[in-house]
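Scroll down for the structure; my scribbles are underneath it.
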Amino acid sequence: MVMLQPDFVYGVVRRSLALGAIAALISLFAASSEVAGAVVIGTLVSAINLRVVALSVKRMLEAGRDGNASSAFWTMVLAGKMFVLIAVVWVLIAYVEVDAVGFVFGFSLFMPAIGWQMLVSKPDESEEHSDD
């Protein structure tokens with residue numbers, strides 16, 4: 001089983017960006033430049049969101065490991081991030097008039113990127129089972 005480590009999350013971000021670039025190129029030729037731009041924007045918003053979540057969770061776990069049971073600050077960062085994310089999506093779609101379908105498609109590319117990252121990740125040595 002693959003552990004959720006920072007390297008894993010950073011790999012998901014890289015693969016999301018790669019999938020976003022491929023999807024943007026395809027949508028540029030198959031649809032329009034507006035859709036391709038929306039795919040790029042959705043992918044970038046998703047990548048930034050993943051990085052902020054990864055950083056917050058990493059800090060929460062470090063605080064717990066150091067004996068500090070309070071993770072209120074990073075919990076507030078995650079809650080604030082969610083409000084900012086909702087506001088950004090709303091502004092991009094309602095006011096900037098980014099193509100909603102392209103944006104959602106680009107944003108959701110992190111899901112196949114997770115699968116891709118799981119396929120290429122090596123299991124930890126501690127997870128290897130011995131036959132005793």
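Quick look at the numbers
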read-out	value
Meets criteria (in contact with a Gly (Cβ under 8 Å, 6 or more places away or on another chain) and closer than 27 Å to SER121 by Cα) for SER16	no
Odd one out for SER16, checked against (1) without any contact (Cβ under 8 Å) to a residue 12 or more places away in the chain; (2) buried (at least 17 other Cβ atoms within 10 Å of the Cβ)	(1)
Residue within the stretch 55-76 that is charged (D, E, K, R), in contact with a helix residue (DSSP H, G or I) (Cβ under 8 Å, 6 or more places away or on another chain) and modelled with pLDDT of 85 or more present	no
Pair list, Cβ < 7 Å and 6+ apart or interchain, from the stretch 89-111 residues that are touching a residue at least 60 places away in the same chain (Cβ under 8 Å) to residues that are surrounded by fewer than 22 Cβ atoms within 10 Å (Cβ to Cβ) and of a type outside the set (A, V, I, L, M)	ASP99/GLU34
Condition broken by ILE93, with the remaining ones in (1) at pLDDT below 95; (2) touching a Phe, Trp or Tyr at 6+ places or on another chain (Cβ under 8 Å); (3) under 23 Å from ARG15 (Cα atoms) satisfied	(3)
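Rundown of residues vs (1) hydrophobic (A, V, I, L, M, F, W, C); (2) crowded, with 18+ Cβ neighbours inside 10 Å, yes/no style:
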| position | (1), (2) |
| --- | --- |
| ALA36 | yes, yes |
| VAL39 | yes, yes |
| ASN49 | no, yes |
| MET60 | yes, yes |
| GLY64 | no, no |
| PHE73 | yes, no |
| MET76 | yes, no |
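The values are calculated or read from the model by the stated rules, or taken from the named source; none is laboratory data. Please read all numbers here as calculations on a predicted model, not as lab measurements. We place every Cβ from the backbone using ideal geometry, glycine too, and count neighbours over all the protein chains shown.
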